[in-house]
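Asks: Please see the structure below; I have some questions.
The values are calculated or read from the model by the stated rules, or taken from the named source; none is laboratory data. Treat the numbers as computed from the prediction; the structure is a model and nothing was measured. Ideal geometry is used to build each Cβ from the backbone, glycine not excepted, and the neighbour counts take in all protein chains shown. Ligands, DNA and RNA are stripped out before the accessible areas are found, and what is left, the full protein with its side chains, is counted by its heavy atoms. Shrake-Rupley method; radii C 1.70, N 1.55, O 1.52, S 1.80 Å.
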Amino acid sequence: MKRPISMLLYSLFSLFLLVPALAHAARVAVVAGPHRVRVVVGPGYPIHRPLPMVVVRRPAVVVRVRPLRYLPVVIWHPVVVARPVGAALVWQDAETLYPEEDWAETMFDSNQRGDKLYLEVVRGRVQFDFAEVVFGNGETQVVDFGRAGRGPGLYSLLDFRDGRTIDHVRLIARARSGEARVALVMQK
């Protein structure tokens, strides 16, 4: 008689411990969202502030040239410009940003030679952190946007009158309206 009672008490005690654990497990919700990583920069990087966690877009872009030497940082002064008429536009690439991703890192593959680089907000509102323009020889020009927000328009980004080959451009930005579209345009 003692044995069945002790087994019953042991079973009730075990159940007493198990029920709260099962109830807690039922309340835990797994929310799948975009995978975020901290922005990675190389030694000698000219911006010295905490860099955001980002969603990496276009991870498969071929990077032929890695940043070897950072040039002094350029502070961006946003000036809306008219689209160049008669100028040879040699390269253009665009990306759509979504507000639910927050900060995003995207790569624009270029491998083209040009004289001027423009940043265009095609639609929506975008907040920019920085851009890294990696030239064919490994020199890297960082443009600090100071986390400025901008609406639609074509903005001058960099002017290199001697002509430079741009391997790729890395841009850290986020949509501040519904979805936003950003483009880079190079002129020769």
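Asks: Within region 169-184, take every residue that is under 14 Å from the mean Cα position of the chain (by Cα) and within 21 Å of residue 47 (Cβ to Cβ) and give me the one that is most open to solvent (accessible area, probe 1.4 Å).
Replies: Filtering first and then ranking leaves 176.
Asks: Something else now. Look through region 23-47, keep the residues that are outside any loop (DSSP other than H, G, I, E, B) and loosely packed, with under 10 Cβ neighbours inside 10 Å, and return whichever of them is modelled with the highest pLDDT. Walk me through it before giving the result.
Replies: Step one: list which residues in region 23-47 are outside any loop (DSSP other than H, G, I, E, B), which gives 23-27, 36-38.
From what's left, loosely packed, with under 10 Cβ neighbours inside 10 Å: 23-27.
Numbers: 23: 50, 24: 49, 25: 49, 26: 49, 27: 54.
Filtering first and then ranking leaves 27.
Asks: Can residue 71 be described as more than 21 Å from residue 188 (Cα to Cα), more than 18 Å from the chain's Cα centre (by Cα) and touching a residue at least 12 places away in the same chain (Cβ under 8 Å)? If you could, list the steps in order and put the result at the bottom.
Replies: Working: more than 21 Å from residue 188 (Cα to Cα): yes; more than 18 Å from the chain's Cα centre (by Cα): yes; touching a residue at least 12 places away in the same chain (Cβ under 8 Å): yes.
Considered against the rule, which asks whether it is more than 21 Å from residue 188 (Cα to Cα), more than 18 Å from the chain's Cα centre (by Cα) and touching a residue at least 12 places away in the same chain (Cβ under 8 Å), residue 71 comes out as yes.
Asks: Within 18 Å of residue 58 (Cα to Cα) and modelled with pLDDT under 95: is that true of residue 179 in this structure? Full working, then the answer.
Replies: Working: within 18 Å of residue 58 (Cα to Cα): yes; modelled with pLDDT under 95: yes.
The answer is yes for residue 179.
Asks: Applying the selection to region 48-63, what residues are in a loop (DSSP other than H, G, I, E, B) and surrounded by 11 or more Cβ atoms within 10 Å (Cβ to Cβ)?
Replies: Matches in region 48-63: 51, 52, 57, 58, 61, 63.
Asks: Right, here's the next one. Could you tell me which of the residues 162, 93, 115 is at pLDDT below 90 and open to solvent by 30 Å² or more (accessible area, probe 1.4 Å)?
Replies: Unique residue meeting the criteria: 162.
Asks: If you go through region 137-159, how many residues are polar (S, T, N, Q) and exposed (fewer than 15 other Cβ atoms within 10 Å of the Cβ)? Don't jump to the end; show me each part of the working.
Replies: First, pick out the residues of region 137-159 that are polar (S, T, N, Q): 137, 140-141, 156.
Those still in the list that are exposed (fewer than 15 other Cβ atoms within 10 Å of the Cβ) too: 137.
Adding up the residues that qualify gives 1.
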